[in-house]
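The structure appears below as structure tokens.
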Number of protein chains: 2
Amino acid sequence: METSEADGPRRRDAAATRQALLEAASSRFTRLGYDRTTLRDVAADVGVNLALIKRYFDSKEGLFKAALASTPRFLGRDEKFPQDREGLAEALSHQLSAGAWPEFGEHPVLMLLRGSGDERVDALRHKALDEFGRQILEASGGGPAGEDDDERLLRAQLLVALGVGVAVVRSAVGLRPLRDATAGQLAAPLREIVDALLAPPADER
Amino acid sequence: METSEADGPRRRDAAATRQALLEAASSRFTRLGYDRTTLRDVAADVGVNLALIKRYFDSKEGLFKAALASTPRFLGRDEKFPQDREGLAEALSHQLSAGAWPEFGEHPVLMLLRGSGDERVDALRHKALDEFGRQILEASGGGPAGEDDDERLLRAQLLVALGVGVAVVRSAVGLRPLRDATAGQLAAPLREIVDALLAPPADER
DNA sequence: AGGTCAAGTAATCACTCGTTGACATGACTA
DNA sequence: TAGTCATGTCAACGAGTGATTACTTGACCT
């Protein structure tokens, strides 16, 4: 596995060891989920002793939380969150295309969905996805996220669910042609979905 | 837990015991996933000895497969699969509404997503979701599922992904308002999505 | 009543996991 | 060079898991 770079034997560099553990753990948590990820495997990936995980992360829960915190957000890692429907559709099509996130082989949103039993972790992922929905709502241009219009938020969350579903279906099930869909192939359908869901606030009901 | 009916102590009825084990297992597999479901808990739910699981299902894998096989399909349990886009949207809105599937507290599609490590189980869920996509494609009325038009199948699978995502986001994350959305609230957005994705075969490209 | 076999139980085995405390070792400083 | 502390290793414990075997109990048949 050896997620870390292939430099020398990395002798006694706490920061590097910690980072390597974090990356190995992120990979396993994302690919296998919390339960099927064993600390022994993570330590073996890095080539380090099991007990170091306790030293740096205190427990498996701590390791999971650290990995979760180090995971890039669903949208907008470096770039800013798109500010209109068109940009949103394009960003989504890239985020959800095959070949995105080749680093771990799976989409980081999947780690959000792996239960850990800890309610603070649950709160964390809830917050992340809730924020994502509100950002979508705001980007859709329907005014500054009004308060009582749950309907528009519901529509935005349907888009969130679509993103989650695509990640899940592709990686957990491998359904084709969705699994191999490129950004170009996803662009048109996603643009139409975004428009259909978050159409301009012209009174359509 | 006691998923079985609250009749007498059910003395020596193999079929009933087997069925009760199956229901308890389905519930736990759906709610907790494969790993967090222990055979001891399942047996305790039914009030029966652990070894009976081996007798009736041979192994945990066997129990999971049996539970998976007994799970109703994503759409069309008793009723037939809808045959037009309108019916499809309506069926989806009911399937994905809050309060559907109260029996296990979660949507049965979730059990499909819980890994078991067995490749035959993987094949099973892949087939189920693939079939679902093709049924959607057929119901959309774009002819009898042409062969080379992967694009339409891709669009149908996006709808599958949406269904999966809604189930996941609602139950695993509890995101509101999506979590509490009724069929009535889901009807309009879903109809628009279905139409946007599977629009009539008028040449739009 | 007695025989017979399925239905169910109790006890245990082998294994893996997370966790832990004691110990070794390398690097830096005085 | 001796001291010191962070860095890393080692070996083991205890809990929990799925699996397995020998045993007991009840229902049904003649």
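Shielding by partners for B:127-133, please: the mean number of other protein chain Cβ atoms within 10 Å of each residue's Cβ.
On the way: counts 1, 1, 6, 5, 0, 1, 5.
Average per residue, whole number: 3.
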Nm distances between copies for A:Lys80, ranked from closest, using label points 7 Å along Cα→Cβ: 5.4
B:His94 accessible area, 1.4 Å probe, all protein chains in place, Å² to nearest 10: 100 Å²
Exposure of A:Glu23 as accessible area (Å², to 10), given a probe of 1.4 Å and all protein chains: 60 Å²
Interface area, B with A, accessible, probe 1.4 Å, both sides summed, Å² nearest 100: 3500 Å²
Inter-copy separations for B:Ser59, label at 7 Å along Cα-Cβ, nm, ascending: 3.3
Evaluated over segment B:14-70, the Cα radius of gyration and Dmax, each in Å: 9.7, 27
7 Å along Cα→Cβ, label-point gaps from A:Ala123 to other copies, nm, shortest first: 4.6
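Count, for each residue of B:188-195, the Cβ atoms from other chains sitting within 10 Å of its Cβ, then give me the mean as a whole number.
Details: counts 5, 10, 3, 1, 8, 8, 1, 2.
Counting Cβ atoms of other protein chains within 10 Å of each residue's Cβ and averaging gives 5.
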Axis-nearest residue of A (beta carbon) for the A-onto-B rotation, whole Å: A:Gly165, 1
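The values are calculated or read from the model by the stated rules, or taken from the named source; none is laboratory data. Everything quoted here is computed from the prediction, not taken from an experiment. Glycine also receives a Cβ, built like all others from the backbone with ideal geometry; neighbour counts cover every protein chain displayed. The accessibility values were calculated without ligands, DNA or RNA, using every heavy atom of the protein model including side chains. Shrake-Rupley method; radii C 1.70, N 1.55, O 1.52, S 1.80 Å.
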